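To start, the structure itself, in structure tokens.
The values are calculated or read from the model by the stated rules, or taken from the named source; none is laboratory data. These numbers come from a predicted model, not from an experiment. FYI the Cβ positions are ideal-geometry reconstructions off the backbone, even for glycines, and counts take in every protein chain you see.
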Amino acid sequence: MSVPAESVSLVSRIHLAFDLRRGSPTMEGWDPNTKSTLTKIPLLTVKAGPRDGGAWAQRLKEEYRALIAYTQMNKSNDNDWFRISAANSEGTRWIGKCWYVHNLLKYEFDLQFDIPVTYPATAPELELPQLDGKTQKMYRGGKICLTLHFKPLWAKNCPRFGIAHALCLGLAPWLAAEIPILVDSGMIKHKDDAAPSTET
Amino acid sequence: MDFELLELQRQFEFAQQAKSSIRLSERNVVELVQKLHELCIIDFDLLHTVSGKEYITPEQLRYEIVSEVEKLGRVSLIDLADTTGVDLYHVEKQAEHAVVDNPRFRLIQGEIISERYWDSVAEEINERLQECSQIALAELATQLHVGVELLTSVLEARLGTVVKGRLEGGQLYTPAYVARVSAMVRGAARGITVPTNLSALWSSLQHLLQEMDGASGVAVEGSFFQALFNAQVKEGQILGSLRAGVYWTPSVFSNAQKECIDSLFSQNSFINYETLNKLGISQPVQFLQSRYPDGLALINAFVHPSLTEMVNAAIEDAIECGSWIDSLSVLPASFGSQDASKILSHSQSLQSALKCGKAFIFGDSFVFSVSFVKNLYDCLEKELEIFNASGISSLSLSDDVSSASDAKMTHVSSTSIESNQTPSENTGKHIVEKGSKKKKSKASGSTKTSTIEDNSDSQDYVPTKSKKNQKKNKDTFSPHVSEVKSGAKEDLRSQEESINVPSQEWVVQKAMKFFPDWEEQGIDNPLTALKPLANYLRPLLLNSLKEKRKALLMENANKMKGILGYLQGKVDEAFLNLQLYEKALELFDEDQSTTVVLHRHLLRTSAASIADILFINLDIYNKLKSGLEVDNSQNSEFISLNPGERIGLAKTFRGSLSKKAIAVAESLEGKRLETFMVALRDFAEDSGIVLKKLDKKLERTLLHSYRKDLISQVSAETDPVSLLAKVVSLLYVQFHNKALQAPGRAISVAVTRLKDKLEESAYTILKDYQAATVTLLALVAASSSDEQDCSSDRIATKRELLEGLMPQLKGLVLTTSQSSI
């Protein structure tokens, strides 16, 4: 019998969230499970932005490979939590969905982001438009607030980190920290709950 | 878009589409298991691990335990709980089951140990034992972390099979080692020749072993040596006797000891305890008594009967010869006085002699024959007389009296000795001789020095004195002494201070003088014998002294009674007369000058004689009372003392009496008879003599006798001068009934007083006679200075005249007296 990875990561996420809210995260404080997951995602090699033509195509291939690996990992750990796909042929805009299970209820949100022209030096700004204005940990337009502890890590690992890393390190901890608060404070409602309430 | 990118896109999509594997949460699993329990699908106990993540069945746990023990041989339950990850409680439970199921397992102090483990341990131990030749079990036990008892029980089962060695006192030894150590023990034990405490021997052996083995040598316990030793003693490899388990006496030693003692005792016929102590016998008395039952145990030594017999013989000899002996001089030099006394107490001849009173023991070791002591006592007694006499002479006051009494004392004491010694004629004779000799020396102006000379003389013949009669003498005097002791002691206690008591030193000194052979006999300190001897003799001497004193006092008491009676009579008579005479003085009270003359006359004559009689007799009385010998035979009726002597004598009286006596003596020199009377009464009262007062009846009878006396005197009187005084006295008696004692000077006054009482003719006769007497006396007084020729004639004529007148005068008195009667 092995310990389910999810439960461990759950704990680590709560940790992280706590750290986020305090606004003083440290690399050292990073959860070992999150870390191990992160290390299992293949690292990227090509340093190229959307404007770099052939190089960008190479980069994009690598991004896909990383995403595939991450997705397979999630699937095998029964921890599948997002669906994304490139919205244009250049692969500079991505859309999809992400979800989080809280109290046995699945809360699903739209996910969208653009690859900035300075990529990979600049991390993509992940947007959850449905949650725009519902939490302080968010920029205008639903861009999640990751600056404090994601940005240095990203900068340090440029160009080896890609989209998969950004999701793993950025969005996943953010969801784990913010969704339970938002649910408990009633800012967001489960769609099954929301529907009957609107009906009534 | 190149193909590869598209392919990747497709793959990504596929990956996202793929069904994710479903995982049950832990909680779900737990719930599921619970559900299974509820549904009784799992109908047995299901244990879970400490982590709470695993379920395990008891059978599995037991199997795991057993396999663990089989693998390791020895596993602690705590370790099992760790390795199986199951709670200790369940592990213990299942371990018990496992041990019960498996006979080769044992559960010891929280550990399961298999027999296989012990086998391997025993093999290891054996290997080590063969290397080191000895191992301490305690050491092994600590290494293995098991109890010594357990290890012992385990090893004992394997001794001789797996472990080749010997277990002794918590140590394992190889046979070779045991043989070696036992050889050492045997060697050491055989090397010992004196009694030894074995533990000391073992410690030295241990030391030796450690030195041989170096630092690696394990300390061998004494009990191991002891066990080996005991075994060897039992086998007879070592000879000797063991006392109290540790005190070993080799038979070599005890044999040598016995031989030594035997030879010493047979050669010397005594043996000192000290020698035995040196030979290592701690309780010599018991040892010797058990070995020589006929011997005698003393304080310092043990003697053979032959030695006692020797002493016996010596003592017997000494007693026979009437001599003395220091038993120490006969005994070996190492003997102390206590030993000597003990030997003496066992000496039969001495005991019988003591019983018969033939001998004395003084100062532990000195035996004196009775005759010797008696001899010495006699000498001392004589010596004591001299001593006392000289002491008394020093006490006495006036010289002549002292010399007289001294001479008397010696005389008396020598006679008293004679009387004392009468039971034994021979010694008595001796003493008479001696007494005479002493008297001789006394007579030739003897003082102390001469007596000492005398002593030196007597030394020559004293030891040669015959001693055989002395036993008899002793018999006579010992009960006598005791009697005196009981009776006289209290009586004489008060007087004892005044007696010259001979001190112990004195007695010792004298004894030394009598028997100068004390030193010759080789006694370093003769005082040790002499002091007790002196202590014995001193009370005897004192008693004899007291006895004598008592006899003297008895004698004196009789004399005193006589003296007192005599004195009383004398004083009564004289005092009554004095009172009679005093009455007569009243007649002359008016005439001052005559009164004085008469008073003086009375004081000089009758009063003085009363005082003298009183003084002298009281003095004698006092002397007698203090036990002195006084010869009152020459105590003449009238010793007239002069005033100086009187005062001297008065001063000898005791205390207040002396003052009063002096007052009496002084009053004699005064002018008034009354003062004398007062002083005399005072004195007499104190000295216990009754002065009778003159009453009428007595006065008359006295006067009558006085008158008769006078008449007879007058009629017999031939001297004309003294006739006058008597006639006048008689006349006074006739006319006044008063006894007048008048001196010559007062006669004329007395005569004139008679004028009115007498007839004219008679008065003239008296007057004429008186005048003639006066002239005659005047002529006699003058004639002593003048030429004799005419005065003698005149005296003769006057005398003739007076003689002629005498019958007239006589007739005058006698007729009247007769007529009056």
Qualifying residues in the range A:155-200 (those that are β-branched (Val, Ile, Thr) and part of a helix (DSSP H, G or I)) - the one modelled with the lowest pLDDT: A:Thr198
The range B:236-252, residues that are hydrophobic (A, V, I, L, M, F, W, C), crowded, with 17+ Cβ neighbours inside 10 Å and within 51 Å of the chain's Cα centre (by Cα): B:Trp248
Taking B:Ser544 as the residue in question, decide whether it is crowded, with 16+ Cβ neighbours inside 10 Å and at pLDDT 75 or above. yes
Can you tell me how many residues in the range A:71-96 are more than 9 Å from every other protein chain (Cβ to nearest Cβ) and under 16 Å from B:Ala18 (Cα atoms)? 2
Might you check whether a residue that is within 25 Å of B:Gly670 (Cα to Cα), surrounded by fewer than 15 Cβ atoms within 10 Å (Cβ to Cβ), at pLDDT below 75 and not hydrophobic (A, V, I, L, M, F, W, C) occurs anywhere in the range B:570-580? no
Report the residue count in the range A:44-61 for those that are of a type in the set (D, E, K, R) and within 9 Å of chain B (Cβ to nearest Cβ). 1
Listing of helices (runs of 4 or more DSSP H) fully contained in the range B:639-721 that carry 3 or more residues being closer than 30 Å to B:Val780 by Cβ, at pLDDT 75 or above and of a type outside the set (Lys, Arg): B:696-716
I'm checking my understanding of the structure. Among residues of the range A:107-129 that are under 16 Å from the mean Cα position of the chain (by Cα) and hydrophobic (A, V, I, L, M, F, W, C), which one is nearest to A:Gly170 (Cα to Cα)? A:Leu126
Check B:Gly280 against each of (1) in a helix (DSSP H, G or I); (2) touching a residue at least 12 places away in the same chain (Cβ under 8 Å) and name the one condition it does not meet. (1)
Could you please give the count of residues in the range B:116-152 that are on the phi > 0 side of the Ramachandran plot and assigned to a helix (DSSP H, G or I)? 0
Would you confirm whether any residue within the range A:97-106 is more than 9 Å from chain B (Cβ to nearest Cβ), surrounded by 19 or more Cβ atoms within 10 Å (Cβ to Cβ), over 13 Å from the mean Cα position of the chain (by Cα) and touching a residue at least 24 places away in the same chain (Cβ under 8 Å)? no
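A quick yes/no check of all residues on (1) surrounded by fewer than 16 Cβ atoms within 10 Å (Cβ to Cβ); (2) more than 30 Å from B:Val252 (Cα to Cα); (3) out of contact with any strand residue (DSSP E or B) (no Cβ under 7 Å at 6 or more places or on another chain):
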{"site": "B:Glu156", "(1), (2), (3)": "yes, yes, no"}
{"site": "B:Gly160", "(1), (2), (3)": "yes, yes, yes"}
{"site": "B:Leu201", "(1), (2), (3)": "no, no, yes"}
{"site": "B:Met212", "(1), (2), (3)": "yes, no, yes"}
